[in-house]
Amino acid sequence: MKVTISRREAIRTLSLAAGTLLVARGAAAAATDAPAAAATGALPHVLPTDPLAVALAYHDDAKTVDAAKFPTFKPEQKCSNCLQLKGNEGDTWRPCTLFVGKLVNANGWCRTYVKKV
């Protein structure tokens, strides 16, 4: 069985494949650069005004959280004892699995807090 494709279909398919390859290469480069940037402290800090930070009610300092406004908040909760926080114990600014490519304050808090066991 002989299959023929038009020049237009071939160009469309090749363009799609090339675009997919570029996106995959860019994502792979970003994934490999993030740990190196985190190790050198080159990542930016999460700002409480970032859209994701606002959605997650992120606070740089857990002492500023209004317990009446966030009833799930407990005074002992902070990023440093949250399961989402990564990086070196004792560092003030560390990577968080929720804020990819940015650092959060270890004394901070957000509504997705999960106690590290």
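Figure legend. Inter-residue proximity from the range 49-67: first residues among the hydroxyl-bearing types (Ser, Thr, Tyr), second residues part of a loop (DSSP other than H, G, I, E, B), beta-carbon distance below 7 Å, spacing 6+ or different chains. Indicated pairs: TYR58/VAL46; TYR58/PRO48; TYR58/GLY108; TYR58/CYS110. Can PHE99 be described as touching a residue at least 12 places away in the same chain (Cβ under 8 Å) and in contact with a Leu (Cβ under 7 Å, 6 or more places away or on another chain)? In short, yes.
Here is a list: VAL3, VAL23, VAL117, VAL100. Which entry is at pLDDT below 75, in a loop (DSSP other than H, G, I, E, B) and not aromatic (Phe, Trp, Tyr)?
When all the criteria are applied, what remains is VAL3.
Checked against (1) of a type outside the set (Val, Ile, Thr); (2) modelled with pLDDT of 60 or more; (3) closer than 14 Å to GLY101 by Cβ, LEU14 meets all criteria but (3).
Taken together, the residues in the range 68-115 that are surrounded by fewer than 11 Cβ atoms within 10 Å (Cβ to Cβ) and touching a helix residue (DSSP H, G or I) at 6+ places or on another chain (Cβ under 7 Å) amount to 1.
The values are calculated or read from the model by the stated rules, or taken from the named source; none is laboratory data. Not measured: the values here are computed from a predicted model. For neighbour counting, all protein chains shown are included, and Cβ atoms are generated from backbone atoms with ideal geometry for every residue, glycine included.
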